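J.: This is the structure I have questions about; it appears just below.
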Amino acid sequence: MHLALSAFGIGPGDEVITTPVTFCATVNVILHAGATPILADIGDDLNLDPVRVEALITPRTKVILPVHYAGLPCDMERIWELAREHGLKVVEDAAHAVGAEYKGRKIGSGKSDAVCFSFYATKNMTTGEGGMVTTNSEELADRMRILSLHGMSRDAWNRYGKNGSWYYEVVDLGFKYNMPDILAAIGLVQLRKLDRMNARRAEIAARYNEAFAELQEVQLPPDREDCKHAWHLYVLRLNLDMLAIDRAQFIEEMGVRGIGCSVHFIPIPLHPYYRRVLKLRDPCRRALAEYPRLVSLPIYPKMSDGDVEKVIAAVREIVAKNRRRRVVAANRSGREERDGQEGA
Ligand SMILES: Cc1ncc(COP(=O)(O)O)c(C=O)c1O
């Protein structure tokens, strides 16, 4: 992402619009480029809301940087339209979305200027560390290649080949962002397994959805008819007003049952560093309201059916034990309602 922003010449004075519900890396790359991150609130799908994006566009806006949260593609048509109308670049953070599809096309092959994948160890496919950028522009690809290797001229790529030459020129201020060949070799094998691994993730998500559909105390993760979800994360939203415990206690209860959960993500505006350096133009109310409800359940291709059932049983048990019921008690003057914890 830093490479793509740098290749576009994004720098001081420029604004890049992104989501508050993302990993710190999304915002860090904007800051490292010297530009200003502008956070636009999320919609019901927990992805960047194009309506909020539009409201934040100024003459300084240069890039929209959507994140396909959890592996669910954003409303890209609307984002591309905004970019076209206002002459902006679109750089996708597809860290969660390798193998996902938007309207029949793989994420990475759409109309964005650059799409950035992460192959970090936890991702749907991995090279241990590293990532990939896709683009439809030869010019941008060339520029990113040069910047990813110290800014050395293209000829340097072939320095040691049969027709190579010792001669090269540094044509720009570059970085050392190349993927090591050894990691790329791992990636090629992972790529062959990707569809199978993603299919297993989808199977697990479908089983979770089926099991949790009957629980009013939780909200299932969003999905879209016209998309293929990569199910990098399975994020339940707790209906906290129906539960006598909060999210931290829920995660603790899961832990007691031997199940590790996580939270994706602590919204960007809540971190001390960003509180110091970012001025919020959009208060990101939705993001802040959703945050206390988010719980990521385990999901990974090697999870056995038994593991999945164990997670389901634990969620059901914790919800049943901590259900806040509308207890209806009769008294002489009629019926009185009060909140109560089942069994309390
Ligand atoms: C949404 C998002 N963007 C970017 C990254 C950063 O990727 P990497 O670890 O490959 O730098 C991550 C996670 O690692 C992420 O979750």
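The values are calculated or read from the model by the stated rules, or taken from the named source; none is laboratory data. The structure presented is a predicted model; accordingly, all values stated were derived computationally and were not measured. For neighbour counting, all protein chains shown are included, and Cβ atoms are generated from backbone atoms with ideal geometry for every residue, glycine included.
J.: Being more than 16 Å from the ligand (Cβ to nearest atom), under 27 Å from Ala97 (Cα atoms), touching a strand residue (DSSP E or B) at 6+ places or on another chain (Cβ under 8 Å) and touching a residue at least 60 places away in the same chain (Cβ under 8 Å), is that true of even one residue in region 235-251?
T.: Yes, that holds for at least one residue.
J.: Let me ask another. How many residues, within region 213-238, are assigned to a strand (DSSP E or B) and farther than 20 Å from Asp49 by Cβ?
T.: 5
J.: Sticking with this one: Here is a check on your reading of the model: is Lys162 surrounded by fewer than 12 Cβ atoms within 10 Å (Cβ to Cβ), within 16 Å of the ligand (Cβ to nearest atom) and of a type outside the set (A, V, I, L, M)? Write out each step before concluding.
T.: On the way: surrounded by fewer than 12 Cβ atoms within 10 Å (Cβ to Cβ): yes; within 16 Å of the ligand (Cβ to nearest atom): no; of a type outside the set (A, V, I, L, M): yes.
For Lys162, the condition - surrounded by fewer than 12 Cβ atoms within 10 Å (Cβ to Cβ), within 16 Å of the ligand (Cβ to nearest atom) and of a type outside the set (A, V, I, L, M) - is not met.
J.: Now a separate question. So which residues in region 283-305 are assigned to a loop (DSSP other than H, G, I, E, B), touching a strand residue (DSSP E or B) at 6+ places or on another chain (Cβ under 6 Å) and over 23 Å from Met125 (Cβ atoms), if there are any at all? Can you show your working first?
T.: Here is the first cut: in region 283-305, the ones assigned to a loop (DSSP other than H, G, I, E, B) are 283-284, 298-304.
Among the residues that remain, those that are also touching a strand residue (DSSP E or B) at 6+ places or on another chain (Cβ under 6 Å) are: 284, 299.
Result: Cys284, single match.
J.: Is at least one residue of region 104-126 more than 13 Å from the ligand (Cβ to nearest atom) and part of a helix (DSSP H, G or I)?
T.: no
J.: Something else: Looking at region 86-97, can you tell me whether even one residue there is in the same structural domain as Val63 (by TED's automatic domain parsing), in contact with a His (Cβ under 9 Å, 6 or more places away or on another chain) and away from the ligand (no atom under 12 Å from the Cβ)?
T.: Of region 86-97, the ones in the same structural domain as Val63 (by TED's automatic domain parsing) are 86-97.
With in contact with a His (Cβ under 9 Å, 6 or more places away or on another chain) added as a condition, the list becomes 92-97.
Checking the rest, the ones that are also away from the ligand (no atom under 12 Å from the Cβ) come to none.
Looking through region 86-97, none of the residues is in the same structural domain as Val63 (by TED's automatic domain parsing), in contact with a His (Cβ under 9 Å, 6 or more places away or on another chain) and away from the ligand (no atom under 12 Å from the Cβ).
J.: Among the residues of region 184-195, are any within 16 Å of the ligand (Cβ to nearest atom), touching a His at 6+ places or on another chain (Cβ under 8 Å) and closer than 29 Å to Ile64 by Cα?
T.: No, every residue in region 184-195 fails to be within 16 Å of the ligand (Cβ to nearest atom), touching a His at 6+ places or on another chain (Cβ under 8 Å) and closer than 29 Å to Ile64 by Cα.
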